[in-house]
Amino acid sequence: MAGDTEPHPPPTGDFGISVGQISAITRDHDHNALEALGGVKGVADALKTDIEKGIHEDDADLLKRKNAFGSNTYPQKKGRSFWMFLWEAWQDLTLIILMVAAVASLVLGMKTEGVKEGWYEGASIAFAVILVIVVTAISDYKQSLQFQNLNEEKRNIHLEVTRGGRRVEISIYDIVAGDVIPLNIGDQVPADGILITGHSLAIDESSMTGESKIVQKNSREPFLMSGCKVADGSGTMLVTGVGINTEWGLLMASISEDNGEETPLQVRLNGVATFIGIVGLTVALLVLVVLLVRYFTGHTKNFDGSPEFVAGKTKIGKAVNGAVKILTVAVTIVVVAVPEGLPLAVTLTLAYSMRKMMRDKAL
């Protein structure tokens, strides 16, 4: 009951009702509190609004309303920084395998061919990996910024309101408490409010309640929730709550549409790259084991036909060099098998496709 709740703060500023009072009435669908204020007409008087002509289109009045009841915006979650994308880019399994292979190739190359010439192969692999990581991070970061711009444009709906006795078109962000807004089939309810007049007005509240049932709005059920759709009929509403002071605003402030999920194409191609990498690692390990067994059992021969390794006779240094050469072969197999260009190709293809879709207005 309304009498059981804590008293709301008294009206402040030039208006006869506080933001806490008006938000509680619409949020809780409190018929008793609405009737106590004198119904829709009483709320309109408290908000200094004419239910037929709307508010005065005066900058000073609009500023007062925004200061008293808030603006029809809500805080957005901060986008991820470039360093976050860079951190995520290098954690790809394919690139990790290549990083290990680059280090191994660098060490083994310098061991077998000397410092001057032995670093070429390992350094080239490392350069390719770094290039893939940086390009992937830059592309993902730019796509994230583009998504934010698209999302902002999608939310910036333009609609008609009644101000000063005439209809004017404004952005949904410019709606203030006290605005009188006409509603027709297909419109989105832009803010919380109370129905002034309606003709067979039916609202789809599934976006807020989760129920697909269409709700009829009339004098007995006059409360309208932001974010819902007009399914049938027409009507006029008085805005009582905007922005963060609405259920929709609270919901949207707590979620983010950009969840960072990979596209189906990325998932499938990354799966292919990972599978190829695992196969390459498996083959490289098998080759390493076979060659080491052949080497240390004396089955590999020198050019003169003598065994490369003879237990108890071959010097330790020579045996280590032979094992290093075998390890180099295994690393080479990994480097050749793992498709380091695939993640980069996927990223560049998606980036190009998204920009083309944006130019064609397909999004």
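For the Cα atoms of the chain, what angle does the longest principal axis make with the long axis of helix 59-69, in degrees from 0 to 90, nearest 10?
70
Nearest 500 deg cm²/dmol is fine: what mean residue ellipticity at 222 nm does the chain get from its DSSP H runs of n ≥ 4 alone, each adding -39,500 (n - 2.57), divided by its residue count?
The per-residue figure over the chain is -17000 deg cm²/dmol.
Can you give me the angle between helix 93-113 and the longest principal axis of the chain, using Cα atoms only, in degrees from 0 to 90, rounded to the nearest 10?
With rounding to tens, the tilt is 30 degrees.
I need the Debye-formula profile for the chain: one equal scatterer per C-alpha, no solvent, reported as log10 I(q)/I(0) at q = 0.07, 0.12, 0.14, 0.15 1/Å, two decimals.
Those come out to -0.54, -0.92, -1.10, -1.19, one per q.
Mind ranking Ser139, Ser206 by accessible surface for me, highest first, 1.4 Å probe?
Ser206, Ser139
With only alpha-carbon pairs counted, each pair once and no self-pairs, how large is the Kirkwood hydrodynamic radius of segment 67-212 in angstroms?
Its Kirkwood hydrodynamic radius stands at 20.9 Å.
Taking all protein chains together and a probe of 1.4 Å, list Phe82, Phe296 from the most accessible to the least accessible.
Final ranking, largest accessible area leading: Phe296, Phe82.
Averaging the inverse of every distinct alpha carbon separation and then flipping it gives the Kirkwood radius. What is it for segment 295-341, in angstrom units?
12.1
Give me P(r) over segment 81-165, computed from all C-alpha to C-alpha distances, binned every 5 Å, as integer percentages.
3, 13, 15, 13, 11, 9, 8, 6, 5, 4, 4, 3, 2, 2, 1, 1, 1, 0
Is there a quick way to get the dipole size of segment 150-195? I mean about its Cα centre, with the Cβ of Lys and Arg at +1 and of Asp and Glu at -1; what is the value in debye to the nearest 20?
For segment 150-195, the charge dipole is close to 140 debye.
Leaving ligands, DNA and RNA out of it, report the carbon-plus-sulfur percent of the accessible area of the chain at a 1.4 Å probe.
Taking all protein chains in place, the chain shows 60 percent carbon and sulfur surface.
For helix 316-337, what angle does its Cα long axis make with the longest principal axis of the chain, in degrees from 0 to 90 and rounded to 10?
40
If the elastic network links every pair of Cα atoms under 10 Å, which of Pro222, Pro307, Pro190 fluctuates the most in the Gaussian network model of the chain?
Answer for the Gaussian network model of the chain: Pro307.
The values are calculated or read from the model by the stated rules, or taken from the named source; none is laboratory data. The model shown is predicted, which means the values in this text are computed figures rather than measured ones. Don't worry about glycine lacking a Cβ; one is built from the backbone with ideal geometry, like all the others, and counts go over all protein chains shown. Accessible surface areas use protein heavy atoms only, side chains included; no ligands, DNA or RNA. Shrake-Rupley method; radii C 1.70, N 1.55, O 1.52, S 1.80 Å.
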